[in-house]
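The values are calculated or read from the model by the stated rules, or taken from the named source; none is laboratory data. These numbers come from a predicted model, not from an experiment. FYI the Cβ positions are ideal-geometry reconstructions off the backbone, even for glycines, and counts take in every protein chain you see.
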Amino acid sequence: MAKTLIDIGNSDRHSSGSSSGSGHPYDAEKALMRLWQRGAEFLGCRYAIMGGAMSWVSESHLVAAISNAGGFGVLACGSMSPELLANQITATQQKTTLAFGVNLILLHPQLDQLMQVCIRTGVKTVVLAGGVPSRETVAVLKAAGVKVIGFAPTAAIGKKLVRDGVGALIIEGSEAGGHIGPVSTSVLAQEILPEISQVPVFVAGGIGRGESIVSYLQMGASGVQLGTRFVCATESIAHANFKRAFINAKARDAVASVQLDPNFPVIPVRALLNHGSEEFLNEQSEVIALFKAGKITQYDGQQRIEHFWAGALRRAVIDGDVENGSLMAGQSVGMVSSEQSCDEILQELVTQAQSHLAVLRQANMELMT
Ligand SMILES: Cc1cc2nc3c(=O)[nH]c(=O)nc-3n(C[C@H](O)[C@H](O)[C@H](O)COP(=O)(O)O)c2cc1C
């Protein structure tokens, strides 16, 4: 257990150990628990740290390991069939008795069946991703006793989701890996956290250390969601080549996809640059030239662009083709420097958070004297 007791009379600002002395020792563990209590209670776990669902990566091994280490694992359904999802849920339940969630993509053609699988298998929390869920979708899950988490890209949408019955919100900034919105985590946090207090709000995107977790909790968040930091977990089934690419990468290598022509929109995705990224630019140039020459319709061109990355994440994560596959990664990839167990990752984050709280406390005390 990561515990940080600091004597507020101790002059070493960076001390994070326990000591006695003039004052009462500052219990940083308790302070952190108080800060994220609402989030931890909502999720039903020890630390209000969600392991953000990552298609192909967040399967039963990683999800159960995150939950067993005190966080909240979330299964990525992605494009799975209802049967496959049911198998994954059962496999996760065999590996942990602790709480975990399931992430469903709203655009999935079998969304209704997938929700029924979650209900039937006793999943307690569903994260609805890839858009804004309808009131009806939220109601179906809630009526079955399932807690629903939605994504709020703006305060107005967050408030609508709260009115429609979601139990919690995630705000995810553009530093994140995978599909991203246009606004950074720090700006979203300032825009949304002061506006929404009815439900717990979890902050995601670019979080790699405990100090950052503390800063969002102190702004009013109830917890956080991290994806990139868990890719190289020992328990992650990601291919060794995929993990190596993460360990070698710097923050600046995780870039948002580039769109060459407004006639051919590109869905923004943050990933590590590789040969596939170059080929994607070539593909767009070719499509634009063919369209301008009247050789293809805009629709056909758009189809080519949209299908370019089909199956590419699987190719990189599972097959290890890191040249041509998609290396979805957030900017926090620069803080991934080795393979660590989920327990080590979570303990590191918690210890950093507690030490930071202790340092802040010490600084406050010094200001008051
Ligand atoms: C490889 C990869 C795959 C992802 N797949 C999904 C997904 O299927 N569904 C989803 O809601 N988010 C997905 N995400 C986003 C994560 O759930 C999480 O919100 C994000 O990684 C948090 O930001 P961070 O990468 O800076 O930690 C993915 C992220 C990565 C890196």
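Do you know which residues across the range 310-335 are hydrophobic (A, V, I, L, M, F, W, C), buried (at least 19 other Cβ atoms within 10 Å of the Cβ) and within 12 Å of the ligand (Cβ to nearest atom)? Let's see the steps before the verdict.
Of the range 310-335, the ones hydrophobic (A, V, I, L, M, F, W, C) are 310, 312-313, 316-318, 322, 327-329, 333, 335.
Narrowing further to those that are buried (at least 19 other Cβ atoms within 10 Å of the Cβ): 312-313, 316-317, 322, 327-329, 333.
The answer is 312, 313, 316, 317, 327, 328, 329, 333.
List pairs: first in the range 95-121 and over 14 Å from residue 81 (Cβ atoms), second among the small types (Gly, Ala, Ser) and in a strand (DSSP E or B), Cβ under 8 Å, 6+ apart or cross-chain?
Final answer for the pair search is 96/73; 100/73; 101/73; 103/76; 103/129; 106/129.
Say whether the condition of being within 13 Å of the ligand (Cβ to nearest atom), surrounded by fewer than 21 Cβ atoms within 10 Å (Cβ to Cβ) and under 17 Å from the mean Cα position of the chain (by Cα) is met by at least one residue in the range 218-238. Step through it out loud before you land on a result.
Kept after step one, since they are within 13 Å of the ligand (Cβ to nearest atom), are these residues of the range 218-238: 223-233, 236-238.
Narrowing further to those that are surrounded by fewer than 21 Cβ atoms within 10 Å (Cβ to Cβ): 237.
So of that shortlist, the ones also under 17 Å from the mean Cα position of the chain (by Cα) come out as none.
Among the residues of the range 218-238, not one is within 13 Å of the ligand (Cβ to nearest atom), surrounded by fewer than 21 Cβ atoms within 10 Å (Cβ to Cβ) and under 17 Å from the mean Cα position of the chain (by Cα), which makes the answer no.
Return the total of residues in the range 336-369 being surrounded by fewer than 20 Cβ atoms within 10 Å (Cβ to Cβ) and over 18 Å from residue 216 (Cα atoms).
Qualifying residue count for the region: 15.
Condition first: touching a Gly at 6+ places or on another chain (Cβ under 6 Å), in contact (Cβ under 8 Å) with a residue 24 or more places away in the chain and over 20 Å from residue 351 (Cα atoms). Can you find one or more residues in the range 210-222 that meet it? If you could, list the steps in order and put the result at the bottom.
First pass over the range 210-222, keeping only residues touching a Gly at 6+ places or on another chain (Cβ under 6 Å): 222.
If we keep only those that are in contact (Cβ under 8 Å) with a residue 24 or more places away in the chain too, we end up with 222.
With over 20 Å from residue 351 (Cα atoms) added as a condition, the list becomes none.
No, the range 210-222 contains no residue that is touching a Gly at 6+ places or on another chain (Cβ under 6 Å), in contact (Cβ under 8 Å) with a residue 24 or more places away in the chain and over 20 Å from residue 351 (Cα atoms).
State all residues of the range 301-346 that are in contact (Cβ under 8 Å) with a residue 40 or more places away in the chain and more than 22 Å from residue 237 (Cβ to Cβ); if no residue qualifies, say none.
Residues satisfying the conditions are 305, 331, 334.
Being among the acidic types (Asp, Glu), in the same structural domain as residue 213 (by TED's automatic domain parsing) and either within 25 Å of residue 355 (Cβ to Cβ) or in contact with a Cys (Cβ under 7 Å, 6 or more places away or on another chain) (or both) narrows it down to one of 83, 59, 41, so name that one. Lay out the reasoning, then the answer.
On the way: 83 fails: either within 25 Å of residue 355 (Cβ to Cβ) or in contact with a Cys (Cβ under 7 Å, 6 or more places away or on another chain) (or both); 59 fails: either within 25 Å of residue 355 (Cβ to Cβ) or in contact with a Cys (Cβ under 7 Å, 6 or more places away or on another chain) (or both).
From the options 83, 59, 41, the qualifying one is 41.
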